[in-house]
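What follows is a short report on a single structure.
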Amino acid sequence: MSFKLAACVVTLGIAAMAATPASAQKKGGTLRLYHNDNPPSTSLLEESTIASVMPFAAVFNNLVVFDPAKVHESIDTVIPDLAESWSWDPTNTKLTFKLHHGVKWHDGQPFTAKDVQCTWRMLIGKSETQDSKTPDFKRNPRKVWYSKLKDVSVNGDDEATFELTEPQPGLLALLASAFSVVYPCHVPQQVMRTKPVGTGPFKFVEFRRGDSIRLVRNPDYFKKDRPYLDEITVRSIDSRATRMLAFATGDYDITFPSDVSIPLMKDVEARAPNAICEMTSTNLQINLLVNRVNPPFDNPDIRKAMSLALDRKAFNSILFEGSGRLGGAMQAKPEGEWGMPPEILSTLMGYGADTEKNLADAQAIMQKLGYSDAKPLSIKIQTRNLPTYRDPAVILADQLKKIYIVAELDILDTPRWYSRLQRKDYTIGLNVTGVSVDDPDGNLVENYSCNSERNYTQYCNAEVDKLLAAQSREVDKDKRRKIVFDIERILVDDAARPVILHSSAGNCWQPYVKNFHPHDNSQYNNLRFEDVWLDK
């Protein structure tokens, strides 16, 4: 499908949703959720973690969203949200949104096109307050998504136009991300970090850090008859075993996204046989972070040896009982729309079946550099204090011993973990990168371009940046995919951020929870719960 065809005017989504028979749905009730972590803040535009998205996505709206009822996200499943329609101009450089009239912010102020303009001017650094002593954002992790965005112009209260320097076919998908919510012009960013104001189906009530979160139904929501629920409550539970038991005994209605590991899935199913459980690909990739500025890891040979030492089959067997996906930076096939086929993937450095040869090559590199069992390289591996990080970090440390690298784990809580990554204050890290949108601009550009805030390894390759720009403006999807494969090969050769594995995990919900659909290529974009209802 051509870019122009895929981006035609869409006007029927909201009307069709409103026309859906609602006789079976029950209104009222509280959706009881648990949290596995401590959200760093309530500001989705400043955060990069599901820890903030899960409890706070329901406070906000986007211009467009991925249809929550469609399991697989793509440009074809994008539907209206605050926008009631959109259209591209003939040059594919102007994207105009017609906005719903009469929408109100939770504090009663009217939502207008000015709010859209303010939001994206802040994101591209064009905000009028940029010259003040207080910057708009403490962090702006997705600024690089909008490198082609010159400005957002408005035409009255109900029309906003994104003006690009050149075509960007992935833009609509990026705008559908849970991280692309619209903010109010009149609320300071300091407030948005602790007491967010949105237009969404649920209003923020309380955030007791490390304990609980409470949202209540927005009675003035612009989508008729939504949401069905009266409240959403979230409780923090540190222990995964305790979380699983609490769900199995009926204390909670839905598990935290991708919280149920393969072994735990069997336990949940045994304890709660009526629960609905699904294994999905998560678009989470386990990867090795090497801060290439810090000696001796400024030596590309050491980085190559570490990449060759990764036994991905062992990771898969131990962590996922073989259900993980082998892939490059883009989400692996079959769920990933941009994943490399096995015949290409197997030709990349370290991905071949002969792991013994890879290990021997890695040992030879390290021996040449003067390392051995008698003279190892001692390091710390920093990682986040979650099982999904700690468990693969233990395996990584064990595998690196085979190439004379002795590692000690340095476990950090979520705020400190992201703060360290932001400052590049680490040497070796075991990371789990969540990708909110299966699009190269939402993944490769964000994680590997020279000027990206999320480029935690400080990798910078002018050739890669040139290819990233080329794929971003390419409107032919097959040609774009070929450029993406070229980028993937360079990233592997450079050991830019070695991808260990793409994870799979389980989601479970009680049988009375209706209209909840985990997505198979992102865990981020189905967590607003405005269509969920409780049959009890």
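FYI, it's all coordinate maths here, none of it is from the lab. Quick caveat, the model's predicted, so the values are computed rather than measured. Because the Cβ atoms are built from the backbone with ideal geometry, glycine has one as well, and the counts that use them run over all protein chains shown.
In table form, for the structure just shown:
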quantity	calculated
Cα gyration tensor category, rounded, prolate or oblate, for the stretch 253-369 with a/c compared to 1.5	prolate
Helix-only mean residue ellipticity at 222 nm for the chain, each DSSP H run of n ≥ 4 adding -39500 (n - 2.57), per residue, nearest 500	-8500 deg cm²/dmol
Cα-centred dipole magnitude for the stretch 282-504, charges only on beta-carbon of K, R (+1) and D, E (-1), debye, nearest 20	380
Segment Thr91-Asn515, length gained on full extension (0.36 nm per residue, minus Cα span)	148.7 nm
Amide H partners (placed H, <5 Å) of Thr42, local residues excluded	Thr194
Selection from Ile487, Asn455, Leu369, by position along the positive dipole direction of the stretch 282-504 (Cβ)	Leu369
Sites Cys460 and His72 - FRET efficiency at Förster radius 30 Å, r taken between beta-carbons, to 0.05	0.35
Net dipole in debye of the stretch 388-437 [+1 Lys, Arg Cβ; -1 Asp, Glu Cβ; about Cα centre; nearest 20]	160
Above-threshold pairs, the threshold being 29 Å between Cα atoms, out of Lys203/Lys266; Lys94/Lys477; Lys114/Lys143; Lys148/Lys477; Lys313/Lys514; Lys98/Lys143	Lys203/Lys266; Lys313/Lys514
Along principal axes, Cα extents of the stretch 282-504, largest first, whole Å	55, 39, 35
In the stretch 185-258, the trypsin sites (Lys or Arg not before Pro) that fall in loop regions by DSSP, at most 15 other Cβ within 10 Å	Arg209, Lys224
Farthest toward positive dipole pole in the chain [+1 Lys/Arg, -1 Asp/Glu at C-beta], among Pro511, Gln168, Val78	Pro511
Using θ = phi - 60° and Karplus 6.51 cos²θ - 1.76 cosθ + 1.60, couplings along the stretch 26-32 (whole Hz; Gly, Pro as x)	10, 8, x, x, 10, 7, 9
Integer Hz, Karplus 6.51/-1.76/1.60 couplings in order for the stretch 280-289, x for Gly and Pro	9, 6, 9, 6, 10, 10, 7, 9, 9, 9
Charge dipole magnitude, Cβ of K and R +1, D and E -1 - the chain, Cα centre, debye nearest 20	780
Virtual spin-label span in nm between His101 and Asp478, 7 Å along Cα→Cβ	4.5
Separation in nanometres of the label points that stand 7 Å from Cα toward Cβ, at Lys150 and Lys357	5.3
Lysines whose Cα lies under 17 Å from that of Lys138, excluding same-chain neighbours fewer than 8 positions away	Lys126, Lys195, Lys424
Label-point separation, Asp251 to Lys195 (7 Å along Cα→Cβ), nm	3.0
Amide H contacts under 5 Å for Glu84, placed H, 5+ residues apart	Lys98, Leu99, His100
Exposure proxy ranking, count of Cβ atoms within 10 Å, fewest first, for Thr280, Thr165	Thr165, Thr280
Karplus 3J(HN,Hα) series, Hz, for the stretch 222-237 with 6.51 cos²θ - 1.76 cosθ + 1.60 (x for Gly, Pro)	6, 8, 4, 6, 10, x, 7, 6, 8, 8, 10, 10, 10, 10, 8, 9
FRET efficiency, 1/(1 + (r/R0)^6) with R0 30 Å, evaluated for Asn38 and Lys266 via beta carbons	0.55
Amide hydrogen neighbours beyond the local backbone of Leu409, cut-off 5 Å, H modeled	Ile381
